[in-house]
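The structure appears below as structure tokens.
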Amino acid sequence: MLHGTGGDENDLLSLGRSLTPNAALLSPRGTVLENGANRFFRRVAEGVFDLEDLRDRTDDLARFVREGVEQYELDSTGVIAVGFSNGANIAASVLLAHPGVFAGAILFRAMVPFEPKAPVPLSGTRVFLGAGRNDPLVPASQTERLADVLRSNGADVTLAWQSAGHTLTRADLDSARAWLAS
């Protein structure tokens, strides 16, 4: 469970329980502070990521997930990332930089974290992208590009558009729940 900017480790727990009531939930807090708001990685400006910091924080998150799977004796083939905004972006970054850490992902309001320089083995990885048609922070072109990057590397991507902005809606949750159940 990966919160958005300004959130913390508690923000998405009820969402996680709503999606999968009996699942074990790992929910870290982003360790970067931006004007007092928690984030998972730095950015240079709105929509412009600090790629060096993103790489380092992506490696840290992948390590955290692997250690959590081992410590709590979880099934590593069933780990699904659920992220919103900044949390969705770092989850996408883990998918592209550390294939296999996540079996799949539910990414709400996500952007392309970086363009991979080489093919990434994502065959068998399922990804749900929940996007808002009226999102002032994530342009539709960014969402569509992320879907293309993931698909071109073999991921099975479902892109669900909602008549919404940069917030989660009941339709987002219902669509993600149906995707997860399938």
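The values are calculated or read from the model by the stated rules, or taken from the named source; none is laboratory data. Worth saying up front: this structure is predicted, and the values here are computed from it rather than measured. Heads up, the Cβs are rebuilt from the backbone with ideal geometry, glycines too, and the neighbour counts pull from every protein chain shown. Ligands, DNA and RNA are stripped out before the accessible areas are found, and what is left, the full protein with its side chains, is counted by its heavy atoms. Shrake-Rupley method; radii C 1.70, N 1.55, O 1.52, S 1.80 Å.
So if each residue of separation counts as 0.36 nm, and I subtract the Cα-Cα distance between LEU33 and GLU115, what length gain in nm does that give?
Extra length from LEU33 to GLU115 when fully extended: 27.0 nm.
Determine, from the Cβ-Cβ distance of ASP148 and ASP8 and an R0 of 45 Å, the FRET efficiency 1/(1 + (r/R0)^6), rounded to the nearest 0.05.
Details: r = 32 Å, r/R0 = 0.71.
Efficiency computed from Cβ-Cβ geometry: 0.90.
About the Cα centre of region 5-105, what is the dipole size in debye to 20, counting +1 per Lys and Arg Cβ and -1 per Asp and Glu Cβ, all else neutral?
I would put it at about 180 debye.
Mind putting a number on the dipole of the chain about its Cα centre? Charges go on the C-beta only, +1 for Lys and Arg and -1 for Asp and Glu, and I need it in Debye to the nearest 20.
With Lys and Arg at +1 and Asp and Glu at -1, about 340 debye.
Longest exposed-loop-site-free stretch of the chain, with GluC sites (Glu not before Pro), DSSP loop and at most 13 other Cβ within 10 Å?
The longest uninterrupted stretch comes out as 74-182.
Let's test the formula: R0 of 25 Å, r as the Cβ-Cβ distance of ARG170 and SER123. What FRET efficiency results, to the nearest 0.05?
Numbers: r = 33 Å, r/R0 = 1.30.
With R0 = 25 Å, the Cβ-Cβ based efficiency is 0.15.
Using helices alone, I'd like the mean residue ellipticity at 222 nm for the chain: each DSSP H run of four-plus residues gives -39500 (n - 2.57), total over residue count, nearest 500.
-11500 deg cm²/dmol
Calculate what fraction, in whole %, of the accessible area of region 79-172 sits on carbon and sulfur atoms when a 1.4 Å probe is rolled over the protein chains.
Carbon-and-sulfur percentage of accessible area, whole number: 52.
Counting chymotrypsin sites (Phe, Trp or Tyr not before Pro) as exposed when in a DSSP loop with at most 16 other beta carbons within 10 Å, what is the longest stretch of the chain free of them? Don't jump to the answer; show the numbers that get you there.
On the way: sites that count: TYR72, PHE114.
Counting at most 16 other Cβ atoms within 10 Å as exposed, the longest clean stretch of the chain is 1-71.
Using only the C-alpha atoms of region 1-71, find the volume of their convex hull and express it per residue in Å³.
Values: hull volume 6.4 nm³, N = 71.
In region 1-71, the Cα convex hull volume per residue is 91 Å³.
For region 46-118, which trypsin sites (Lys or Arg not before Pro) are both in a DSSP coil and crowded by at most 13 other Cβ atoms within 10 Å?
Counting only loop positions with at most 13 other Cβ atoms within 10 Å, the trypsin sites (Lys or Arg not before Pro) in region 46-118 are LYS117.
Using a 1.4 Å probe, what is the accessible area per residue for region 1-52, in Å²?
Roughly 56 Å² per residue, with all protein chains present.
Could you check the simple spin-label distance between VAL44 and ASP60, using points 7 Å along Cα→Cβ, in nm with one decimal?
With each label placed 7 Å out from Cα toward Cβ, I get 2.1 nm.
Give the accessible surface of region 111-174 per residue, rounded to a whole number of Å², with probe radius 1.4 Å and ligands, DNA and RNA excluded. It would help to have the intermediate numbers written out before the result.
Details: 3220 Å² over 64 residues.
Here the residues of region 111-174 average 50 Å² of exposed surface.
Which label marks the calculated value of Kirkwood radius over Cα pairs in Å, given the options (i) 18.3; (ii) 16.1; (iii) 19.8?
(ii)
Let's see if you can work this out: charge +1 on each Lys and Arg Cβ, -1 on each Asp and Glu Cβ, no other charges. What is the dipole magnitude of region 1-42 about its Cα centre, in debye to the nearest 20?
Working: 4 positive and 4 negative charges, 16 e Å.
Using Cβ point charges on Lys, Arg, Asp and Glu, region 1-42 gives about 80 debye.
Quick one: net charge around ASP56, please, counting Lys, Arg +1 and Asp, Glu -1 for every other residue with C-beta under 10 Å from its C-beta.
-2
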